[in-house]
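Novice: One structure is given below, represented as structure tokens, and several questions about it will come after.
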Number of protein chains: 2
Amino acid sequence: MPVAVESAIPYPTPRKVDLAHHLSTEARIRQPNPIKSVWKAAQVRPGIINMGNGDPHHTLYPISSMNFIVPSLEGDHPVEAWRTGTSKTLVLSSHKDAPSTLSLRTAFAYGAGAGLPAVREALADLGARIHAPPNHTVCLSLGNADALTKCFRLFGDPDDSFLCEEFTFSAMTNAALALGIRWVPVRVDGGGLLPEDLERVMRCWDEKKQGKRPHVLYTVPCSQNPTGSTISLERRRRIYEVAHIYDIIIIEDDPYYFLQYDLQINQNTLKEHGYTRAMSEVLPRSFLSMDIDGRVVRLDSFSKVLAPGIRLGWITSSPFFADKLDMLTDSSTQHPHGLGQAYLAELLGPTGWGADGLMKWVHSLAREYERRRDLFVSVFDAKVAPTGCASAEVPQSGMFVWIQVHLETHPRFVVRTPDSGSDDEGDVLGAVMAAPGVLGEVARGGPITNTEQLMSELLRKLVESGVIMIPASTFAIVDRSGSTLSPIGDRANYLRATFVGTDETIRDGLTIFAQALEEFFNLK
Amino acid sequence: MPVAVESAIPYPTPRKVDLAHHLSTEARIRQPNPIKSVWKAAQVRPGIINMGNGDPHHTLYPISSMNFIVPSLEGDHPVEAWRTGTSKTLVLSSHKDAPSTLSLRTAFAYGAGAGLPAVREALADLGARIHAPPNHTVCLSLGNADALTKCFRLFGDPDDSFLCEEFTFSAMTNAALALGIRWVPVRVDGGGLLPEDLERVMRCWDEKKQGKRPHVLYTVPCSQNPTGSTISLERRRRIYEVAHIYDIIIIEDDPYYFLQYDLQINQNTLKEHGYTRAMSEVLPRSFLSMDIDGRVVRLDSFSKVLAPGIRLGWITSSPFFADKLDMLTDSSTQHPHGLGQAYLAELLGPTGWGADGLMKWVHSLAREYERRRDLFVSVFDAKVAPTGCASAEVPQSGMFVWIQVHLETHPRFVVRTPDSGSDDEGDVLGAVMAAPGVLGEVARGGPITNTEQLMSELLRKLVESGVIMIPASTFAIVDRSGSTLSPIGDRANYLRATFVGTDETIRDGLTIFAQALEEFFNLK
């Protein structure tokens, strides 16, 4: 990894920590491709004639050039210009038989699992300037779903316990369940993951009752999915320290990292050093940037800052884990597609935007999303807040607003204190208590309110009214330890909404939402 | 899957066979993405406003068009014209805001794990016309490595035994070892996998000694990698019948399928019905085409017929397995990249080659590879065969020649009969017998010749001389049952060579090879 770059943050000093014991059985016993060892032996002789491999010759690839029409980055706010159709365009070209940043002879051939140097080095350089990680390697991924599920296979054995935010991106955490991994929830608030709860879970862990101690934390530190929260620097430091003390690997899944709002970049830095340096001064400190142990695996994605269909991202980790991930890639997806690498190589290369241009784009993109967030908040304040039925915190980053529904004011809301008897309530409550909630919680830790039932009714009401948000129950991780006094079902009075749609979607959607809430709460 | 297409082969009648018991634990317990169930509930109301998902809006994708410059298919032999620079070109265009076969608004968005309809349906249609499978579904893959390793996860549990050709593509079979799957070799000859040996392995299987019976066969039926053999129709029928009797899933990995040589397509069919129909009449019958049970999972790839860097292929399987593969894709790689799907959609669409054009291309490509194969054979006959040290069968398909080295004529070749004593041989043999071969065979089933040692020396000699082929030992699957009298190390006197390089590579490589053989055999 190139280190001779100008960085805003001084490199921390790595600690020597052996983390090999975190590998899964699968990762431990995985063997390298045996054909590669023959190749290695052959590489001692330059110019050797290859009659070994079945690689189609580039003269037979049915493509000679690709062009990509992209926005030029002229002007101060290129995303605004592009979106409104006033942007100039730039033609990026990749060629097979003419000079390109990445030749199509290479892009369309079999390649390295970790990605081709043109792209990998540009991203490693960008990462070094922003995060200044102590000793890390960059590999391409096929986006964060690919990267994250590869991490599950890298670290997870059946019956392992992994930690995550108590509301989390269940589409991905469910993927780990199929490997026999169990999720252990850590409490969150509006500021994200609570370090003291992480510490509590680890301190109180009873291996006899609960099995092997959790050794991996999966976290989305910026615009946490679904709560939209961003962890403060102070909390991040404490979380990293808990991870160090209890020997936890941190999977830092950060697709929304570049979409930070209310940031003021220093105009002098911008003029003198460009966007990368100016952005690095104001972007949040990542776990990666603090990772003196090599216990952070950071996942970045192009899905939110370029487009999801590109299916490319990058993983930054210790060289040891990078090597193991590379072996998994060779044994599964193989190298990332050449078409996307060609696009990125030209985009990030000397005739394209360059990495600094990418930072200009994401800075402009964040301003656009900030505008949408502000629109969302103003419509919310005008339409939804006056009903008194719901409120929302203003997210600092990302795409999501975590809307709290004030069910406690609903006419049919019921609550039972854990100490009261079970037979002296009315019919409604009896029905609520008779069965576990949709989240499957039972007994101590079972629902003590009818939150789940009311949220389910509300969701039906929203669909009937013509707007869809995702209910908190979809993201809830149930505490199976039996030790909680506060079941998550009772805290599932939230909806995940997004402000990334059009202005019309935001206005119409929230208007419908407000009306539906009023009807649901019998205010109309 | 569209069935109302004109097919050269009548559809066989499906049998009702429940194959769910073949699924791995992982595949059985995998849960669908919970957010999808919310969406499903919402889909009952058309025009609903989506405030749920974090999908970037297409106005923010920093790309408006892509162009691909590809060969036009004019003339009788488009590959020859393209390769020699005399071909006309065709410009394929994908647009975000203008009509395209596949809009970039769709291609760059989040998409379906099984691929977008434009591409999927074109391939399903092509498959129906060529294989006429009884009841199957097509999903895109990221190439056959992705597809195959997903099949390992779909069917394989730790301690499962899978069957494969005794020399096989170890880069992939090794991937299964990491999952705890054991490989059981089936004997091959110049005509590929031997049905009688498959039947023997299954009939003689002792679950008490050998564990759970093998329930999956991994086979490369055309240009088997590495032996280059193609299984005859008669053998394929017998293999399928064994698979039916012993309840075996067949993974038909067929990347070289379209590269068949010495085929004569019917010119009248070509004129009247086009290339797809004409090719379907002469291409080998696939296992898929016989699959009345739904036990075949067929893997096709664009790597050999377009280019490896495209990283796209397609999987044809029963709808039941397709659904399970789709869930695995949602839980790992997610949908295939939009760039490659855009390229394929335009290539296979009405303004591109169309599927019939693709068949014209592959027909022409096969003629080009046939020319290279013939060149290889003629140089081999002129240079290598006269040494008497090696011989090769002429492959019917694919990219590989399996060169037999006649070690039995080498001055230092030694052989011990299994019945003779162990102490009455000379020093050389003593050394050979003292340790297991590189393949790790021991005891009964241990090396009884010094084949492995001599092949290792020959490989070193080849590298020093300046040419590299891949030794058979790299591909050998050792029989761990202890029942074989003929250890594979003794049959590892082969090299995998390819004829897909340039004419110069073939001429120079084989000339060096012949000289090196003569020196190694002390003939010079």
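Novice: With the cut-off at 24 Å, tell me which of the pairs A:Lys96/A:Lys324; B:Lys16/B:Lys324; B:Lys16/B:Lys208; A:Lys524/B:Lys40; A:Lys324/B:Lys209 have Cα atoms farther apart than that.
Specialist: From A:Lys96/A:Lys324; B:Lys16/B:Lys324; B:Lys16/B:Lys208; A:Lys524/B:Lys40; A:Lys324/B:Lys209, over 24 Å: A:Lys96/A:Lys324; B:Lys16/B:Lys208; A:Lys524/B:Lys40; A:Lys324/B:Lys209.
Novice: Still on this model: Using the charge dipole of region B:42-113 (Lys, Arg: +1 at Cβ; Asp, Glu: -1 at Cβ; taken about the Cα centre), state which of B:Pro78, B:Ala98, B:His57 has its Cα farthest towards the positive end.
Specialist: Of B:Pro78, B:Ala98, B:His57, it is B:His57.
Novice: Roll a 1.4 Å probe over the protein chains and send me the accessible area per residue for chain B in Å².
Specialist: Roughly 36 Å² per residue, with all protein chains present.
Novice: Order A:Thr106, A:Thr316, most accessible first, counting only protein heavy atoms with a 1.4 angstrom probe.
Specialist: A:Thr106, A:Thr316
Novice: How large is the dipole of the protein assembly as shown about the Cα centre if only Lys and Arg carry +1 and Asp and Glu carry -1, each at its Cβ, rounded to the nearest 20 debye? Working shown, then result.
Specialist: Working: 102 positive and 122 negative charges, 90 e Å.
Computed charge dipole of the protein assembly as shown: roughly 440 debye.
Novice: Just tell me how shielded A:107-113 is by partners: mean number of partner chain Cβ atoms within 10 Å of each residue's Cβ, no decimals.
Specialist: Going residue by residue through A:107-113 and averaging, the value is 3.
Novice: OK, next. Per the helix-only calculation at 222 nm, which mean residue ellipticity applies to chain A, given -39500 (n - 2.57) for every DSSP H run of n ≥ 4 and division by its residues, nearest 500 deg cm²/dmol? Walk me through the intermediate numbers first.
Specialist: On the way: 17 runs with 191 residues, N = 524.
After summing the helix terms and dividing by the residues of chain A, the value is -11000 deg cm²/dmol.
Novice: Here's something else I'd like to know. Find, among the trypsin sites (Lys or Arg not before Pro) in region A:212-299, those assigned to loop by DSSP (not H, G, I, E, B) with at most 13 other beta-carbon atoms within 10 angstrom.
Specialist: Answer by residue number: A:Lys212.
Novice: Give the separation of the Cα centroids, region B:271-313 to region A:488-524, in Å.
Specialist: 50
Novice: Here's a follow-up. Using the crude model of +1 on Lys and Arg Cβ and -1 on Asp and Glu Cβ, and no other charge, please compute the dipole size for region B:286-338 relative to its Cα centre, in debye to 20.
Specialist: So the dipole magnitude of region B:286-338 works out to roughly 220 debye.
Novice: Sticking with this structure for a sec: In nm to one decimal, list the spacings between the A:Arg367 label point and its equivalents in the other copies, with label points set 7 Å along Cα to Cβ, shortest first.
Specialist: Copy-to-copy label distances for A:Arg367: 5.8 nm.
Novice: Using mean Cβ contacts within 10 Å as the protection proxy, how do B:462-471, B:129-138 order, highest first?
Specialist: Answer by packing, highest mean first, reads B:129-138, B:462-471.
Novice: Please name whichever of A:Gly313, B:Phe521, A:Met359 sits farthest to the positive end of the charge dipole of the protein assembly as shown, dipole taken about the Cα centre and charges placed at Cβ: Lys and Arg +1, Asp and Glu -1.
Specialist: Looking along the dipole axis, the top candidate is A:Met359.
Novice: Next question. With the dipole of chain A worked out from charges on the C-beta (+1 for Lys and Arg, -1 for Asp and Glu) around the Cα centre, which of A:Gly115, A:Gly143, A:Ile48 lies farthest toward the positive end?
Specialist: Highest projection toward the positive end goes to A:Ile48.
Novice: Looking at chain A, do any whole DSSP H helices span at least 24 angstrom along their long axis by alpha carbon and average -0.5 or above on Kyte-Doolittle, and which? Kindly include the intermediate steps, with their values, before the conclusion.
Specialist: On the way: long enough: A:354-379 (38 Å, -0.44); A:503-520 (25 Å, -0.08).
Span-like helices here: A:354-379, A:503-520.
Novice: Next up: Under a 5 Å amide H to amide H cut-off, with H placed in plane at 1.01 Å, what residues pair with B:Gly111 once short-range neighbours are removed?
Specialist: B:His335
Novice: Taking H as built 1.01 Å from N, whose amide H comes closer than 5 Å to the amide H of A:Ser87, not counting residues under 5 places away?
Specialist: Answer set, sorted by chain and number: A:Trp82.
Novice: Once you charge only the Cβ atoms, +1 for Lys and Arg and -1 for Asp and Glu, what is the size of the charge dipole of chain B about its Cα centre, to the nearest 20 debye?
Specialist: Values: 51 positive and 61 negative charges, 298 e Å.
With Lys and Arg at +1 and Asp and Glu at -1, about 1440 debye.
Novice: If packing is taken as the mean number of other Cβ atoms within 10 Å per residue, what is the order of A:198-210, B:491-503, highest first?
Specialist: B:491-503, A:198-210
Novice: So, one more: Buried accessible area for the A:B pair, summed, 1.4 Å probe, in Å² rounded to 100?
Specialist: The summed interface area works out to 8800 Å².
Novice: What are the label-to-label distances in nm, one decimal and shortest first, from A:Gly190 to the same spot in the other copies, with labels 7 Å along Cα to Cβ?
Specialist: Output for A:Gly190: 8.0 nm, nearest copy listed first.
Novice: Could you work out, residue by residue across A:173-179, how many beta carbons of other chains sit within 10 Å of that residue's beta carbon, and then give the average as an integer?
Specialist: Across A:173-179, the average partner-chain Cβ count within 10 Å equals 6.
Novice: Place the label 7 angstrom along Cα→C-beta at B:Pro12 and in each other copy, then list the distances from the first to the rest in nm, shortest first.
Specialist: Values, ascending and in nm: 6.2.
Novice: Determine which lysines satisfy two conditions relative to A:Lys360: a Cα distance under 18 Å, and not lying fewer than 8 residues away in the same chain.
Specialist: In chain and number order, the partners are A:Lys88, A:Lys271, A:Lys304.
Novice: Averaged across A:392-404, how many Cβ atoms of other chains sit within 10 Å of each residue's Cβ atom?
Specialist: Mean partner shielding for this stretch: 1.
The values are calculated or read from the model by the stated rules, or taken from the named source; none is laboratory data. This one's a predicted model, so the numbers in the text were calculated from it and none came from an experiment. Positions of Cβ are backbone-derived with ideal geometry, glycine not excepted, and every protein chain shown enters the neighbour counts. The area values use the complete protein model at the heavy-atom level, side chains included, leaving out ligands, DNA and RNA. Shrake-Rupley method; radii C 1.70, N 1.55, O 1.52, S 1.80 Å.
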